[in-house]
Amino acid sequence: MHLEFLGGAREIGRSALLVDDSLLLDFGMDSGNPPSFPLREPNLDPDAVVVSHGHLDHVGTLPALLSGDARPPIHWTQPTSDLAMVLARDTLKLHGGSYDCPFTEAELARLTQVSETHGYGEPFEAAGYEVTFFDAGHVPGSAHVLVDDGNTRLLYTGDFHTEDQHLLAGTTARPDADVVVCESTYADTTRPPRAEIERAFVDSLKATIWEGGTVVVPAFAIGRTQEVMCICAEHDLECYVDGMGTRVADLFLRPRNRDFLRDPDELRRAKGNARFVDGRDGQRRRIADQNTVIVTTSGMLHGGPAMTYVPAIRSHPANKIAMTGYQVEGTPGRDLLETGSAEIDGRVMPISAQVEQYDFSAHADRAGLESFLESYRDSRVLVNHGDRCEWFAEELRANGFDASAPELGERVVLE
């Protein structure tokens, strides 16, 4: 078995792994400015594609594979298929016809023609390999991907979490594998228990509301928005929800996707607790003046309804911006945390409102990664999807693992 790392090697974004020049695992994009796409795009022609989960850095370039006469089947879970369509339509809406969008409406329409959905633990054939999905505990529908050619068993972890969330239980799957391609996003982080983070978050929101302030909670549309909705409902916190996260909540509650949730009724109750915003007739500005919680995209403040809410509440120190996810360097969210100001809609704005950050990541931290990999001490480990892949591989080697961190574009032979 030969592996070629077309993206996600020693970086986060544009994940893509090619097996024996025939089976492609993920095909994402890095949505930076400018965006970047996997190597060999647009000239890649795999026999089949298997997708781990529905985040932009894993599915963002998929429709581009369907240009010309190419029609490789795309294998994924049902929620991943649905999420990929939502993200692709959003990319077309925002960037269609520009370099930032490497596909057209026609190629997007072809996704449904080649889509093949599968559940967890149900082996299927793709490009001559036996492939099986296992619950990765990251976002609904996320999967570890086990690829078996009869001689070598390759486990591609995708993104995963070992701790329970409201939407999902942490992954407990540990299928036998000779080689593990393991994500390492938070390999250098050990976070407090999730319950402790939630308690601090809720206490902070309640304090701001009690003091007469407004809280804006920037949140990623897929997974994070729905997690925050569940937390608010559990603690009787009124909240407004704006942006793509509203559509994603509906998507997760579709009958065909409910079985991928830890507790569909909890999300249904959270949806009943929330007030959804459509943005018409100045609605957002009126809401920003209320003593309430507003959960909105984008999670890093580089677009979306947050562009209305943040300027509206920024000037009063009784208000609060509660960040819920990692802020990539160079994004307005990162600038806000580091400098107290952010570029919003082209204008740098000082922020007098309180700014806090809570680590609600759906990735395993250092302890989670180590507990997962403990089952693979006799396997070869290839570290990817991280800012410090080489360092983590070195740490694993010092702990007795056969570990390395392939470079972007590197071909690795598995024996």
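The values are calculated or read from the model by the stated rules, or taken from the named source; none is laboratory data. Just so we're clear, the structure is a prediction, and the values are computed from it rather than from any experiment. Ideal geometry is used to build each Cβ from the backbone, glycine not excepted, and the neighbour counts take in all protein chains shown. Side chains are part of the model used for accessible areas, which takes the heavy atoms of the whole protein and leaves out ligands, DNA and RNA. Shrake-Rupley method; radii C 1.70, N 1.55, O 1.52, S 1.80 Å.
Values as computed for the structure displayed
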{"item": "Estimated [θ] at 222 nm from DSSP helical runs (n ≥ 4, -39500 (n - 2.57)) normalised by residues in the chain, nearest 500", "result": "-8500 deg cm²/dmol"}
{"item": "Label selected from (1) 1.07; (2) 0.96; (3) 1.04, the criterion being Rg/Rh (Cα atoms, Kirkwood Rh) as computed here", "result": "(2)"}
{"item": "Accessible area of segment 228-385 divided out per residue, in Å², using a probe of 1.4 angstrom", "result": "44 Å²"}
{"item": "Dipole moment magnitude, nearest 20 debye, the chain about Cα centre, only Lys, Arg, Asp, Glu C-beta charged", "result": "1680 debye"}
{"item": "Rough spin-label spacing in nm, given labels placed 7 Å along Cα→Cβ, for E374 and S98", "result": "4.8 nm"}
{"item": "Those residues of segment 9-25 whose amide nitrogen sits under 19 Å from the label point placed on E390, 7 Å along Cα→Cβ", "result": "9-13"}
{"item": "Between segment 33-59 and segment 355-415, the Cα center-to-center distance that results, in Å", "result": "21 Å"}
{"item": "Orphan Cys of the chain, criterion: no other Cys C-beta under 4.7 Å", "result": "C101, C182, C230, C389"}
{"item": "Partner aspartates and glutamates for K206 [C-alpha distance under 16 Å; skip if fewer than 8 residues away on the same chain]", "result": "E196, E198, E234, D236, E238, E356"}
{"item": "Tail weight of P(r) past 20 Å, computed on alpha-carbon pairs of segment 107-184, percent", "result": "37 percent"}
{"item": "Descending semi-axes in whole angstrom, ellipsoid equivalent of segment 170-297, from the Cα gyration tensor", "result": "30, 19, 14"}
{"item": "Added length on full extension, which subtracts the Cα-Cα distance from 0.36 nm per residue, Q357 to D263", "result": "31.2 nm"}
{"item": "Relative compactness, segment 1-129, computed as alpha-carbon Rg over 2.2 N^0.38 Å", "result": "0.97"}
{"item": "Accessible area of the chain belonging to carbon and sulfur atoms, whole % at 1.4 Å probe", "result": "44 percent"}
{"item": "Segment 319-415 - convex hull of alpha carbons, volume per residue in Å³", "result": "137 Å³"}
{"item": "Net lengthening on full extension, R89/S67 (0.36 nm per residue, minus Cα-Cα)", "result": "6.3 nm"}
{"item": "Ranking by accessible area, most exposed first, for R377, R191, R262 with a 1.4 Å probe", "result": "R262, R377, R191"}
{"item": "Whole-Å distance, taken between Cα centres, linking segment 66-94 and segment 1-31", "result": "17 Å"}
{"item": "Extension gain (nm, one decimal) between A169 and S204, 0.36 nm per residue minus Cα-Cα", "result": "10.0 nm"}
{"item": "Prolate/oblate/rounded label for segment 31-73 (Cα gyration tensor, a/c 1.5)", "result": "oblate"}
{"item": "Protection proxy ranking, peptides 364-375, 293-304, average beta carbon neighbours within 10 Å, highest first", "result": "293-304, 364-375"}
